[in-house]
Structures are given as C-alpha cells and as structure tokens.
Amino acid sequence: MFQLSLPDQRVLSLVLESISDLRTDKMRAQRSGVTTELFALTFSAPRSPNLEQGTYLFRSRFQGQFDLFIVPQQATGDRQFYQALINRPSEIA
C-alpha cells in the first residue's frame, strides 16, 4: 500500500497492482558491465479524485518517501489505474 500526497494536502491510498519487465531479450542477455533496468509499475486507486499526469510524493512503510511521475491509464469499475515507467542504469557483477 502506498500513500500519495495531493496538492490540497489530502492523502490518497494506492495499491501496486503489477510490475512489468519491459527489457528486450538483448537487454536481458547482457552479462556484465552496465545494463538498463526498464519496468512499469501499475497502481490502482479510487476513481475519485482523478489525478492528472504528474509528479507526486509517495510514501510507503517499506520504501520511505519518494517522488514518482505517474500517468493515468484505464479505469475499471470503481478503480482508476496509473502507470510509472522506470528506466535506470544497473551494474551487473
């Protein structure tokens, strides 16, 4: 469970629904040196309030607090989905 701080000081709870590896086979086959971690985080939240794409302050009991840029995706039933793409270098031993 993640807590997101809204500009009006309200707090919204989000659930991490999935983590998707977006690396290509070539990226996965690299064995040494610097490679790239590339993955998508999909969160769900109540449909209201509907967040615009942007950077929000997230809080988690396990990860602490951090800024994350999210983009609205589809809505299903009473849930709105948001996605964050992570693209960062990672050293492989």
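At-a-glance table
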| item | result |
| --- | --- |
| Out of SER44, SER48, SER90, SER60, sole residue that is among the small types (Gly, Ala, Ser) and modelled with pLDDT of 95 or more | SER44 |
| Candidate set from segment 3-25 (those that are aliphatic (A, V, I, L, M) and assigned to a loop (DSSP other than H, G, I, E, B)); member that is most open to solvent (accessible area, probe 1.4 Å) | LEU22 |
| Residue in segment 64-84 that is closer than 15 Å to GLN3 by Cβ, open to solvent by 100 Å² or more (accessible area, probe 1.4 Å) and either in contact with a Lys or Arg (Cβ under 8 Å, 6 or more places away or on another chain) or touching a residue at least 40 places away in the same chain (Cβ under 8 Å) (or both) present | yes |
| Residues of segment 34-55 satisfying the condition of being within 19 Å of ARG10 (Cα to Cα) and either outside any strand (DSSP E or B) or open to solvent by 30 Å² or more (accessible area, probe 1.4 Å) (or both) | PRO46, ARG47, SER48, PRO49, ASN50, LEU51, GLU52, GLN53, THR55 |
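The values are calculated or read from the model by the stated rules, or taken from the named source; none is laboratory data. In this text the structure is predicted, and so the values were computed from the model without any measurement. So basically every Cβ, Gly included, is an ideal-geometry build from the backbone, and we count neighbours across all protein chains shown. Ligands, DNA and RNA are excluded from the accessible area calculation, which covers all protein heavy atoms including side chains. Shrake-Rupley method; radii C 1.70, N 1.55, O 1.52, S 1.80 Å.
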